[in-house]
1. If contacts are Cα pairs under 8 angstrom and at least 6 residues apart, what is the relative contact order of the chain in percent?
2. Starting from the amide H of residue 87, placed 1.01 Å from N in the peptide plane, find each other amide H under 5 Å away whose residue is 5 or more places distant or on another chain.
3. Under 26 Å from the Cα of residue 206, which lysines turn up, not counting those fewer than eight places away in the same chain?
4. Can you work out the Karplus-derived ³J(HN,Hα) for every residue in region 49-57? Use 6.51 cos²θ - 1.76 cosθ + 1.60 with θ = phi - 60°, whole Hz, and x for glycine or proline.
5. Find the accessible area per residue for region 78-151; the probe is 1.4 Å, ligands and nucleic acids are left out, and the unit is Å².
6. Residues with amide H under 5 Å of residue 93's amide H, sequence separation 5 or more or different chain, H placed in the peptide plane at 1.01 Å from N; which?
7. Over the chain, with every protein chain in place, what whole percent of the accessible area is carbon and sulfur at 1.4 Å, could you tell me?
8. What is the angle, in °, between the Cα long axis of helix 96-109 and the longest principal axis of the Cα atoms in the chain? Nearest 10 is fine, range 0 to 90.
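The values are calculated or read from the model by the stated rules, or taken from the named source; none is laboratory data. For clarity, every value in this text was computed on a predicted model and none was experimentally measured. All Cβ positions, even for glycine, are placed from backbone atoms using ideal geometry, and neighbour counts span all protein chains on display. Surface accessibility is based on the protein's heavy atoms, side chains included, excluding ligands, DNA and RNA. Shrake-Rupley method; radii C 1.70, N 1.55, O 1.52, S 1.80 Å.
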Amino acid sequence: GHIKWELEDLSFRYLEPEAYKQIASLLDEKRLDRDGYIQQIIKTLHDNLERMGMGVIEVSGRAKHIYSIWRKMQRKGIGFHEVYDVRAVRVLLPEIRDCYAALGVVHSLWKHIPREFDDYIATPKENGYRSLHTAVIGPSGKPIEVQIRTGEMDLIAERGIAAHWTYKHGSDSPNSAQSRAHAWIVDLIDSQRAAGSSLEFLENVKVDLFPDEVYLFTPKGRILSLPRN
């Protein structure tokens, strides 16, 4: 995800320099105000969730990257000031039930913006991304997006589903299929580093893509191995 965002912004800077500069300047003008505002939201949200007895893992804030702001403006035909998730806060909680309870807390603190809610927990994106997204009118009438998900969902969002089984340790040790799948990924990364060129790496991958075993993910994220065919 991080690599994708960085590549998008770098590409956008050269492909659409004027649009890039315009959005970057609008973000810079409000950077200090935005950062202070987000910290205020984080504290309010964290305090209220703790008061409800939720075991909050983390509440953090972020600025939306430039290309995604422009893309949303183009897709919806709106101006910069109508992009509601320029200011965004992310809440990480232990369990799925906590996420929905936290959503209720958010909507009790600030007015929800109609049609700005997505439940990617009940209906995940095709790439496995899961989270609750809502937008609210925060203090001083400023819109803010709130993302709510479990720590496990955040790991998948940030590092991919291959990192999923490493999130739970202790009693939930990886099974043999998980360990072999992880070892294969590690070998793939080593192969990429050792390859002299992209073509050489591709040849190595082709060999690995036709093994005797096929790995699959269950709906709960466990990795199983089945014989080929």
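1. Values: 271 pairs, mean separation 32.1, N = 229.
Result for the chain is 14 percent.
2. 145
3. Those lysines meeting the cut-off are 4.
4. 5, 5, 5, 7, x, 7, x, 5, 7
5. Here the residues of region 78-151 average 47 Å² of exposed surface.
6. 57, 149, 150, 151
7. On the way: 7620 of 14130 Å².
The nonpolar share, carbon plus sulfur, comes to 54 percent.
8. Approximately 10 degrees, to the nearest 10.
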